[in-house]
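Notes to accompany the following structure.
The values are calculated or read from the model by the stated rules, or taken from the named source; none is laboratory data. These numbers were taken from a predicted model, which means no experiment stands behind them. Reconstructed Cβ throughout: ideal geometry from the backbone, glycine too, with neighbour counts over all protein chains shown. Areas reflect the complete protein model, heavy atoms only, side chains present, ligands, DNA and RNA absent. Shrake-Rupley method; radii C 1.70, N 1.55, O 1.52, S 1.80 Å.
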Amino acid sequence: MAAERRRRAGAGLSGLLLRIREDGKDSIPEHPYLYEADVEISLVGGGCKSPVDKFWYGSSAVYILQKAVSACEESNSMEESRMDDAVYASEALPKESPGALALSVGRAKQLISLYTMVQNPNVTCLGLGVPAGLPPLWARCDGSDPQHCCWMGAEPLGAASRVTGLNIYTVSCEGPTSDKSRFANLEELKMEHKIRHHSSVVTTKGFARYELIAAAAVEDTIAESGGSISVDITWNGVEKVLETPPLISAATLNIALESGDPRSPVFHLYQELQFLLALAEGLKTGVTEWPEPSESESALKLVQEFLTDLKKKLDGDCVFENKNETEKIKCDTAAVDTCIKSIFGERGDLDFTEQLWCKMKSVSSYQELIDCFTLVIKSLERAEIQPWIHQGSSSFLSQLIQQSYHGQMEAVSLRDITPIQMLLEIGLEKMRKDYVSFFIGQELATVNYLDYFISTSVDLQEQVHRVQKLHHMLEMMVSCTGLLQFRHENLFPLTQICMKYYKENPLNEKHVFQLPIRPALVKKFYQNDNPEVWKVEISSGHGQREVKTTWQVSTSAPVEHRAADNSGFLSESTVNGSSEERLYFITKTQCSQVHFT
């Protein structure tokens, strides 16, 4: 009788898994499938973040199994979650999602056992044939066993057409804790692995992740930027738990930075860019958000003074320095590292339209915008000025200036969106040249390589979007130069990586750019710091016979569905009297194999 129930349960699971696989061929199903009234099965993949990617490194789609709840139970769970949040407000505690409910360890073992039977080609009693090519399966566990198991998984071995066995995984998690006596001993881990897998030889591989941005900001007294900069380091031959990685390790820098930090040495450019975006939005929607009126001189007065100066210099060859702008830049860069001041500053070759943009970027209303352009156009019509512009300038105002050289200017109607578009065009040209000046001046790119970003063959909205990309790349270069003291040999490959990404993707300031580096380049920022993640991987065997044991500590919870031991966490904080001690979650992943042939 029990065998018959098990056969029916296996057949039901096999049929459902096959159905989910077929439904997910074109796109991943949005909703979970119900199995035996108490289990939800979802297919995760296709670019979606997997809940098991912190301890399993497979690339295929996976089945995720968890406890199914009724609408009433889910409502109660949400209410309990809100109460828990009120009691345990600390951000250090992982927040439980009502939709991510764990199965009992016993139920998870039963499901893994059924999946094993389903995958076994020698079991023919199910009457469904061999379901070759089923994705791996992972079940959330509630940690109710002595080992605090939080995940169990099964991964097929063999070719797609024939499964020869399975890797069976168990993941246990505890913490957070600052008590290092609860940390494992490496030799004991190695011996445990040898006994478990009957192996005489094991190899070890280490991994550590350090956050660099905060450490660098303190080291060099430079303002910390938004986002994160971390380094991932891997090495072979681990000698002890939590050891500092050797300099011969392989390292990858992870950079995700957001623009707009007021303390950035290029914040003045960011402000210009924001006004440019406001103008572009105004063209699209018909509603423009103007800057607040300046407490000093208005844009109209600045333009009047600028034109008066030009009238006195009819040769038009002099480039006039904007005193206010220069003083602002000096103020912005006064507190930053010398290397930043030496690589970025206001260009000295601003032409008439670029200088006019510098005066008009503080314009505070549509009427003031019209008044400013009216003054400029009248001065051109009367030949009171003969301004110099860069060769190749393509803005409408540049065309009018070129026409004025010959005393034949077309009539201009400063109505509707025309003045907004005119200002947007000269702002775009000025900012494009700012970024080109930086990247070419620092020998980080050529004009040809920048062509995508500075092309005028696309519409104005796309041109603005590409300038945004240039600014984001500039922020990263300046941050890496100031915070990490990067030089050309590191900035150049980073620039190429960023430009390649942005030629193929839209602006994304959350994207993590990765750059291979030598650990020595950033060692001073992490050598006296605690890692965010530290992991050792112990392995034996080769090919599909390889098995691994992984032990890891991390400052963030590796498992989303299992809350920490709240009482233990709070008592530790009380005993220590402060939260300065680094708290770690301890995760252990073990693997065993089942062979069918």
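Taking amide H positions as placed in the peptide plane 1.01 Å from N, state which residues far from GLY227 in sequence (5 or more) or on other chains have amide H under 5 Å from it.
The list, which skips near neighbours in sequence, is GLU258.
Please list the non-local residues whose amide H lies under 5 Å from the amide H of ALA102, H modeled 1.01 Å from N, same-chain partners needing a gap of 5 or more.
Here the answer is LYS67, since their amide H atoms fall under 5 Å of that of ALA102.
Among LYS500/LYS535; LYS503/LYS535; LYS54/LYS503; LYS510/LYS588; LYS313/LYS361; LYS433/LYS523, which pairs are too far apart, with a Cα-Cα distance over 28 Å?
Result: LYS500/LYS535; LYS503/LYS535; LYS54/LYS503; LYS510/LYS588; LYS433/LYS523 exceed 28 Å.
For the range 137-207, report the % of Cα-Cα distances exceeding 13 Å.
Roughly 77 percent, once rounded to a whole number.
So between THR164 and GLU443, what do we pick up on full extension, going 0.36 nm a residue minus the alpha carbon distance?
Roughly 94.9 nm would be gained on extension.
With the other protein chains left in place, how much accessible area per residue, in square angstrom, belongs to the range 134-186 at a 1.4 angstrom probe?
Per residue, the range 134-186 has an accessible area of 35 Å².
What's the FRET efficiency of ALA184 with ARG263 using the Cβ-Cβ distance as r and R₀ = 30 Å, to the nearest 0.05?
E(calc), rounded to 0.05, equals 0.10.
Once the piece of chain linking GLU36 and THR203 is laid out straight, how much longer is it, given 0.36 nm per residue of separation minus the C-alpha distance between them?
55.9 nm
Could you work out what % of the accessible surface of the range 381-466 is carbon and sulfur, using a 1.4 angstrom probe and leaving DNA, RNA and ligands out of the count?
Answer for the range 381-466 is 45 percent, counting heavy atoms of protein chains only.
Would you compute, for the Cα atoms of the range 1-64, the largest minus smallest coordinate along each principal axis and list the three values in descending order, in whole Å?
43, 27, 18 Å, listed from the longest principal axis down.
Show log10 I(q)/I(0) for the range 422-468 at q = 0.22, 0.24, 0.32 Å⁻¹, two decimals, from a solvent-free Debye sum over equal Cα scatterers.
-0.73, -0.85, -1.25
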